[in-house]
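Written below as structure tokens is the structure these notes are about.
The values are calculated or read from the model by the stated rules, or taken from the named source; none is laboratory data. Because the structure is predicted, anything quoted here is derived from the model rather than measured. Because the Cβ atoms are built from the backbone with ideal geometry, glycine has one as well, and the counts that use them run over all protein chains shown. Each accessible area value is taken on the protein alone, full model and side chains, heavy atoms only, with ligands, DNA and RNA left out. Shrake-Rupley method; radii C 1.70, N 1.55, O 1.52, S 1.80 Å.
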Amino acid sequence: MTRFLALVWDDRDLESSEGASRMRRQVMNGSDWLVATDHAGLAVYIHQKSASSRRPISLQQDTGVILGTLFRRSTSAMEPAERRLTIDERQSADIRRTHGRSLVDSDWGSYILFLRRSQEHAISVFRGPAGALSCYYLTRDRCTLFFSHAADLLGLGSSLSINWDSIRAQAAAGDYLTRETGLSEVTAILSGECLDICDGQITSRSYWNPSRFCSDPVRCLADAATLLHLETHRCISAWASLHETLLLLLSGGLDSSIVLSCLRSKSHRTRVIAVNFYSQGAGDERRFARSMTERTNTPLEEIPSNIDIDLRAFADCALTPNPVLNFTGFDVEPVMQRLARTYNATAVFTGETGDDVFGHAPTPDALAEILQSPENIHRFFTAAMDYAELARISVWRAMRMAYVHLKWLRRIRTWSLYRHRLLAGRSNDSYLVSRSAVTVYESMLGRFTHPWFQDADNTPLGKATLIYSLIKATSSIAHSPFSAAEEPTRMSPLVSQPLLEATLRIPSHMHFSGAENGAVVRAAFRSALSPLVLDRGIGKGTPAAWARSLLDRNAAFLSELLLGGWLVQKGILDPQKIQELLSSQISRTRLGTADLVRQVYIETWLRRWIREGARP
């Protein structure tokens, strides 16, 4: 991933110019940074370990640079996506005229635009839609400092403190992925958002909103399958073309199997090594993974999950702007790093977000989405029968659930993952968070609701979980809790702008047409998947049993970590719940293993930043 620093200042302001000069000297005193541009109120630096493979794209007339990866939009169905390495004068003019908005329609990828607007004495910073390349910023000495990796702030002497409201929201398993981060001074630029900096003032506007694409729906399943196959294959092919060798985390599920089938098409020259992690019982899906690697003639590494991990290694988690949650990361990531070195692989691909992208997890929201559009009401009863058969409930119950979900949305006016979880019947009692922390968080729900969900009338209910998965993927998945910045890029090629725009056009109820789960994606890729993967049903293996055994073995450390930690001290976690969970075998408690892992990540992240000087 591209690692960068950028500095914006007002060159007409003496104090701002002096502050910029000091910080530029600090950056260049080290030998790790290369200059991409530096004049007229904007300096951009690329870390030398990412500069060779990810050269910045300079705009004409030295008006700015684009960092990351950019692909030109295909103009026909048969045309592959082509990586853009240069920007000509015509496109540079369009970018300047639209302040970067033209890139939304002409290109896609994972990129950040820094644009000088000299006549207005302004700088625009635009983060492309659906890109894994993150961009954060803070203000200091009347300057604005942008960066991709928060650990780089330590060498610049930035003063940081913990944002306890954001930490509380995350610990409560609530919505927290907004512009705020776990560090009070650090703000995130959202996907598709553009910042304008002028006269020391920062304003923002959105160039891309996923709900907009739902207004042009595909009308039949065959067309939807054709569209989904085309964009899935094109996006995966584009990302794979950047690498000679890559690793693919192959669970054996539908999503990673589709990624493998696209990677192994005849047009590909990229070498692919599939990796399957397995544990005993339901966590062993090797037969599904093997059926796909045998079908595609792909080498497969089978790795048993390690139950002897010492969780004290969490203390060295990465310095990210938010605590990063990765349920199996402490086992998977070190092994993937070793395999990447062995095979000289430069990327790790996954099928993450596939359940939502491919509509493979139907909910009553898909039926409620039909009720949001009066012109589609004639489809409601047929869709309700399909959903009822798939979910094994009565048609009347399916229709009632759809009505309840729609009524709920219209009452609260905003979509919230936290509220949606409560609607589905999941109580806060099954989480380690204290009741007082939940009360405080609920009073701030609006503050931690993503802008895409502020207007419920424009959010198709069936697409809400897809949109939320996009928010997650572009907020935290790009940063690893255990990998260094220079490690091979980990990404899901399914989180790509053209593919997301395509799947947003597919009505949610179409994904369970004929009572077949994932009807559209199965129609699109039926010939490419093994019969074993196609016929495996809606269930999937999980590493839950492995995780419970691992946590049981580390119970003493977990008790010391959490009961004596910041989350308990600040009243965010309930010590009685922690004692209940850890006093007997974790596998026998009603409290969730996933929630325990989440709190361990948050607690160790807090300790790491405070150890590095962040104020608690």
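Numbers at a glance
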read-out	value
Candidates 361, 391 - the one that is of a type in the set (Gly, Ala, Ser), open to solvent by 30 Å² or more (accessible area, probe 1.4 Å), in contact with a helix residue (DSSP H, G or I) (Cβ under 8 Å, 6 or more places away or on another chain) and under 30 Å from residue 301 (Cα atoms)	361
Single residue of the range 593-611 satisfying the filter (over 19 Å from the mean Cα position of the chain (by Cα) and basic (Lys, Arg)) that is most open to solvent (accessible area, probe 1.4 Å)	611
Tabulated pairs, the range 294-308, first basic (Lys, Arg), second crowded, with 17+ Cβ neighbours inside 10 Å and outside any strand (DSSP E or B), C-beta under 6 angstrom, 6+ apart or interchain	295/530
Filter pass, residue 65 being touching a strand residue (DSSP E or B) at 6+ places or on another chain (Cβ under 7 Å), hydrophobic (A, V, I, L, M, F, W, C), modelled with pLDDT of 90 or more and surrounded by fewer than 17 Cβ atoms within 10 Å (Cβ to Cβ)	no
Of residues in the range 233-259 being charged (D, E, K, R) and under 23 Å from residue 335 (Cβ atoms), the one least open to solvent (accessible area, probe 1.4 Å)	255
Residues (open to solvent by less than 40 Å² (accessible area, probe 1.4 Å) and closer than 16 Å to residue 148 by Cα) located in the range 2-41	2, 4, 5, 6, 7, 8, 27, 33, 36
Residue check, residue 458 of a type outside the set (Val, Ile, Thr) and either modelled with pLDDT of 90 or more or within 18 Å of residue 228 (Cα to Cα) (or both)	no
Count of residues meeting criterion [at pLDDT below 95 and either of a type in the set (D, E, K, R) or within 25 Å of residue 1 (Cβ to Cβ) (or both)] in the range 212-232	3
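For every residue, the table says whether it meets (1) more than 26 Å from residue 496 (Cβ to Cβ); (2) in a helix (DSSP H, G or I); (3) open to solvent by less than 60 Å² (accessible area, probe 1.4 Å); (4) touching a Phe, Trp or Tyr at 6+ places or on another chain (Cβ under 8 Å).
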position	(1), (2), (3), (4)
185	yes, no, yes, no
190	no, no, yes, no
195	no, no, yes, yes
205	no, no, no, no
213	no, yes, yes, no
219	no, no, no, no
223	no, yes, no, no
226	no, yes, no, no
229	no, yes, no, yes
